[in-house]
Amino acid sequence: MKNLFKLSDISIAEIMEIILESLRFKAGMKYDKLVGKRVINAFFEPSTRTQYSFISAEQNLGMIATNFNVETSSVKKGESLYDTMKTFEMIGYDIAIVRHPTIRYYEELEGVGIPILSGGDGSGSHPTQSLLDLMTIYEEFGRFEGLKIAFIGDIRHSRVAHTNIEIMNRLGMETYTTGPQGFDDGSAPFINYERALCEMDVIMLLRVQFERHEYDMTLDRDQYYNEYGMTQARVAMLKEKAIIMHPAPYNRGIEISNYAVECSKSRIMKQMQNGVFVRMAVLKRAFE
Ligand code: CP
């Protein structure tokens, strides 16, 4: 049984194996050993891509998927996360997918006897998002070593940026942050915004997480778009082979223009597609 909480627990060799396995699933590999296994998708925070691509992955593997509804559950009577997950184990689920707003929520779950795959822990980690980002970069460039990536925007609140910076550094990529300095938390070297646009192989835009801001932003939405939004003019400044990524959901007209979402340099739609194959690979791995 293999949990998946954060990529910093996993060796580079195993990360590469997950990426290659995801590519094999994308190429049509069949796998029937999970047919009939019961999975509970327990999302305590809103999610579209992670939740439904896990469901799609589970269906592709012939698993029996159930979605937990927090609002109609005994969580509303004060039941703890541990007791909720232990209940799922006792009533016959084989594996759980959990997204929870508490950073490192999984530390509470020691003693649960089914594998748990994290769909994100607050502003901590988002391992399957990073894996699908890595798969998308690997498909594009066929390597990681030496590639330059800049994260633009709300680094401080982004579990995607935190997870990606750690693993991308280990894979030999050069990681940078840019955008408003108030969003920066020192996770990677900060570089000038124009320099980032002109020099990077990958630009990863981040959603401005208005729901996590405990302080007022110094920029309003129009100012953010004017100063840092990925407009058509800024897309034109990127290197010929550079790509634009975004974990989504994106704020159109704030960090990204309508034009950039589906322009020829955007890999945002591919990231969403690849999420299904990465989640198939980590479901398979959980039972190995
Ligand atoms: N990228 C991502 O985690 O999206 P959702 O919040 O919709 O799952």
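The residues of the chain expose on average 42 square angstrom of accessible surface per residue, using a 1.4 Å probe on protein heavy atoms. Heavy-atom accessible area, probed at 1.4 angstrom with all protein chains present, ranks K239, K265, K6 as K239, K6, K265, highest first. For the chain, the share of accessible area belonging to carbon and sulfur comes to 48 percent (1.4 Å probe, ligands and nucleic acids excluded).
Under 18 Å of direct C-alpha separation, and excluding same-chain neighbours fewer than eight residues apart, K2 reaches these lysines: K33, K37, K86, K284. Around the amide H of M173, modelled in the peptide plane, lie the amide H atoms of G146, all under 5 Å away and 5 or more residues distant in sequence or on another chain.
To the nearest ten degrees, helix 159-170 and the longest principal axis of the Cα atoms of the chain are 80 degrees apart. With everything on Cα atoms, drop me the angle between helix 12-26 and the longest principal axis of the chain, reported from 0 to 90° to the nearest 10. Its long axis makes an angle of about 80 degrees.
GNM remark for the chain: springs join alpha carbons under 10 Å apart, and the peak mean-square fluctuation among V39, V112, V208 falls on V112. Taking every alpha-carbon pair in segment 127-272 and binning the separations at 5 Å intervals from zero gives 2, 10, 22, 25, 23, 13, 4, 1, 0 percent. Stretched out straight at 0.36 nm per residue, the stretch from A233 to E262 would grow longer than its current Cα-Cα span by 9.0 nm.
If R0 equals 30 Å, the separation of the Cβ atoms of Q209 and T66 corresponds to a calculated FRET efficiency of about 0.55. What is the calculated FRET efficiency for E288 to D185, with r their C-beta to C-beta distance and R₀ = 35 Å, to the nearest 0.05? After rounding, the FRET efficiency stands at 0.50. Taking a ≥ b ≥ c as the square roots of the eigenvalues of the alpha-carbon gyration tensor, the chain is classed prolate because a/c is 1.5 or more and a/b outweighs b/c. Highest mobility in the GNM of the chain, judged by mean-square fluctuation with C-alpha springs under 10 Å and restricted to D185, D133, D32, is found for D32. When you restrict to C-alpha pairs under 8 Å that are six or more residues apart and normalise by the size of the chain, the relative contact order lands at 22 percent.
Calculated FRET efficiency, M29 and Q223, Cβ-Cβ r, R0 51 Å, to nearest 0.05? With R0 = 51 Å, the Cβ-Cβ based efficiency is 0.60.
Evaluating 6.51 cos²θ - 1.76 cosθ + 1.60 at θ = phi - 60° for every residue in segment 177-183, the Karplus couplings come out as 10, 7, x, x, 5, x, 8 Hz, glycine and proline recorded as x. Between S80 and C198, the distance separating the two model label sites (each 7 Å from Cα on the Cα→Cβ line) works out to 5.6 nm.
The values are calculated or read from the model by the stated rules, or taken from the named source; none is laboratory data. If you're wondering where the values come from, they're calculated on a predicted model, not measured in any experiment. For neighbour counting, all protein chains shown are included, and Cβ atoms are generated from backbone atoms with ideal geometry for every residue, glycine included. Heads up: the accessible areas ignore ligands, DNA and RNA and are worked out on the full protein's heavy atoms, side chains in. Shrake-Rupley method; radii C 1.70, N 1.55, O 1.52, S 1.80 Å.
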